[in-house]
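One structure is given here, and the rest of the page talks about it.
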Amino acid sequence: MIIHCTATPAGRKVTSDDIRRWHLIGRGWKQVGYTDMIHLDGTVENLVKHDENDIIEPWEITNGVAGENSISRSIVYVGGLCPDGANPMDTRTQDQLAALETYVLNCIKKHPEIMVAGHNQFAAKACPSFDVPTWLESINVDKKNIYLPKGYKRKLFPALASEPASEKKDGEPDSMEVASLMTEKDKEEES
Ligand SMILES: [Zn+2]
């Protein structure tokens with residue numbers, strides 16, 4: 001399984017029709033790049049039908065990663081860029097984190113021999129804007145299911161601070177205050 005992001009700014013919704021337009025019309029592909037997509041609210045939407053055996057049949061193939069498509073399933077979460085769209089960022093919402101974890105763990109349960117990887121482990125790309133092996137370890141995925149070639153260099157990405165203000169604990173500084181303090185500090189360092 002290979003994980004992708006849509007490479008769209010944090011918080012921007014993307015529909016399955018957007019994906020179809022980008023891939024089928026924009027790139028002229030015969031099939032989209034992903035089997036399933038995980039929306040900002042954690043909803044999982046199926047784009048390309050698949051069965052649950054261990055073989056990727058021709059009708060299940062997506063254009064996820066050149067050279068890997070006949071032996072892998074590609075899935076995508078909506079996001080992957082910082083709010084202004086300029087740089088890669090791990091923008092997974094709490095709902096997406098939970099949905100992705102459930103998705104991956106279910107798939108491993110059904111197919112105990114699969115390995116899970118990020119697109120950036122096969123191509124010089126940021127996609128999916130987080131280090132997949134590190135995340136898999138953090139949710140206690142078994143080593144044998146983590147694609148981790150020898151000499152693999154872990155990739156660091158900034159993460160979006162996505163905790164809503166309503167979840168802030170008493171006594172914690174207001175997030176606005178923190179932001180303005182940081183800005184002041186940054187200004188000092190610049191001058
Ligand atoms: Zn990708």
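The values are calculated or read from the model by the stated rules, or taken from the named source; none is laboratory data. No experiment lies behind these values; they were computed from the predicted model shown. Heads up, the Cβs are rebuilt from the backbone with ideal geometry, glycines too, and the neighbour counts pull from every protein chain shown.
Data overview
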item	result
Members of region 1-29 that are assigned to a loop (DSSP other than H, G, I, E, B) and not charged (D, E, K, R)	M1, T6, A7, A10, G11, V14, T15, G28, W29
Among (1) in a helix (DSSP H, G or I); (2) at pLDDT 95 or above - the single one P128 does not satisfy	(1)
Restricting region 131-176 to residues that are at pLDDT below 95 and of a type in the set (K, R), the residue that is nearest to H111 (Cα to Cα)	K150
Pick from region 134-163, criterion within 16 Å of the ligand (Cβ to nearest atom) and within 13 Å of the chain's Cα centre (by Cα), ranking: nearest to S74 (Cα to Cα)	W135
Given (1) more than 15 Å from H119 (Cβ to Cβ); (2) surrounded by fewer than 16 Cβ atoms within 10 Å (Cβ to Cβ), index of the condition L47 fails	(2)
Looking only at region 109-129, and only at residues there that are loosely packed, with under 15 Cβ neighbours inside 10 Å and within 16 Å of the ligand (Cβ to nearest atom), the one that is nearest to D54 (Cα to Cα)	A123
Those strands (runs of 3 or more DSSP E) lying entirely in region 30-108 with at least 1 residues within 12 Å of the chain's Cα centre (by Cα) and within 13 Å of the ligand (Cβ to nearest atom)	36-38, 74-77
The lone exception for H4 - which of (1) more than 22 Å from P158 (Cβ to Cβ); (2) touching a helix residue (DSSP H, G or I) at 6+ places or on another chain (Cβ under 7 Å); (3) modelled with pLDDT of 95 or more it fails	(1)
Failed criterion for I25 (all others in (1) of a type in the set (V, I, T); (2) within 13 Å of the ligand (Cβ to nearest atom); (3) more than 23 Å from Y147 (Cβ to Cβ) hold)	(2)
